[in-house]
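Working notes for the structure below.
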Amino acid sequence: MSRTDSATLVRCSSLIAATLLLAACATVRVGSDYDPTADFSRYHAFAWMSPHTDSRDSANPLVVQRAHDAIEASLQAKGYRLASDAASADFVVDYTIGSHERTNIASYPEPYRGPWFSRRSWWGAPYWGNRVDVYQYREGTLSIDTFDARSHRPVWHGWARKQLTRSDMEHSAGAIRQTVDAVLAKFPPGREQKAGSDVY
């Protein structure tokens with residue numbers, strides 16, 4: 001293989017690795033945990049925790065309102081009803097939403113196919129070097145918690161993390177709905193789900 005072909009292979013390998021890394025970061029990571037002693041079958045009506053999350057948790061109050069509306073709509077789509085007063089609710093819902101800057105440092109080997117020639121020697125074997133990529137991005141986070149209305153004990157916790165794109169930040173309604181639905185897809189926990197945090 002010529003050095004030109006080797007350089008092309010290196011550039012292609014770097015591009016593929018970087019693309020896969022960015023795609024992985026753009027994926028929504030979702031997890032949940034729950035109290036195995038809780039009887040979720042008796043939960044039919046919910047109420048919002050008071051005081052619940054407000055605009056101080058986000059720089060954009062519209063994001064907070066969209067998250068609130070999306071959680072309410074997703075629970076109602078599952079057959080739960082919003083209680084007319086907190087006293088008649090079976091469980092209480094709260095959430096937090098926000099974003100922060102993060103730095104990702106990725107290191108992966110790059111194959112440099114030989115042969116290589118220098119003034120002193122000649123190599124026929126591949127040379128392996130290290131490539132380090134550093135980039136900053138904004139990560140959005142969402143946590144949804146439910147509490148038993150009688151005991152006031154937490155019974156379920158769900159969360160999501162995602163690298164935010166410009167589109168996510170400028171047109172957040174769709175991204176928030178999708179994220180909320182992904183988190184609440186694990187509520188209530190199924191029989192096959194074991195107690196403890198799970199992530200996908």
Any chance Ser167 is at pLDDT 60 or above and farther than 30 Å from Asp35 by Cβ: yes
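Would you tally the residues in segment 147-190 being of a type in the set (Gly, Ala, Ser), farther than 16 Å from Val63 by Cβ and either over 13 Å from the mean Cα position of the chain (by Cα) or not in a helix (DSSP H, G or I) (or both)?
Of all residues in segment 147-190, those of a type in the set (Gly, Ala, Ser) come to 149, 151, 158, 160, 167, 172-175, 182, 185, 190.
Now restrict to residues that are farther than 16 Å from Val63 by Cβ: 149, 151, 158, 182, 185, 190.
Narrowing further to those that are either over 13 Å from the mean Cα position of the chain (by Cα) or not in a helix (DSSP H, G or I) (or both): 149, 151, 158, 185, 190.
Of the residues in that region, 5 qualify.
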If Arg11 meets every condition in (1) at negative phi; (2) out of contact with any strand residue (DSSP E or B) (no Cβ under 7 Å at 6 or more places or on another chain); (3) at pLDDT 85 or above apart from one, which number is that one? (3)
On the basis of being at pLDDT 95 or above, under 24 Å from the mean Cα position of the chain (by Cα) and assigned to a strand (DSSP E or B), does Val92 make the cut? yes
So which pairs qualify, if the first residue must be in segment 35-47 and touching a residue at least 40 places away in the same chain (Cβ under 8 Å), the second must be surrounded by fewer than 17 Cβ atoms within 10 Å (Cβ to Cβ) and among the acidic types (Asp, Glu), the Cβ gap must be under 9 Å, and the two must be at least 6 apart or on different chains? Phe46/Glu72; Ala47/Asp85
Quickly run through segment 147-162 and pick out the residues that are among the small types (Gly, Ala, Ser) and surrounded by 18 or more Cβ atoms within 10 Å (Cβ to Cβ). Ala149, Gly158, Ala160
Please pick out the residue among Tyr135, Tyr108, Tyr200 that is closer than 15 Å to Val28 by Cα, modelled with pLDDT under 90 and of a type in the set (Ser, Thr, Tyr). Tyr200
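The values are calculated or read from the model by the stated rules, or taken from the named source; none is laboratory data. Fair warning: this is a prediction, and the values are worked out from it, not measured in the lab. All Cβ positions, even for glycine, are placed from backbone atoms using ideal geometry, and neighbour counts span all protein chains on display.
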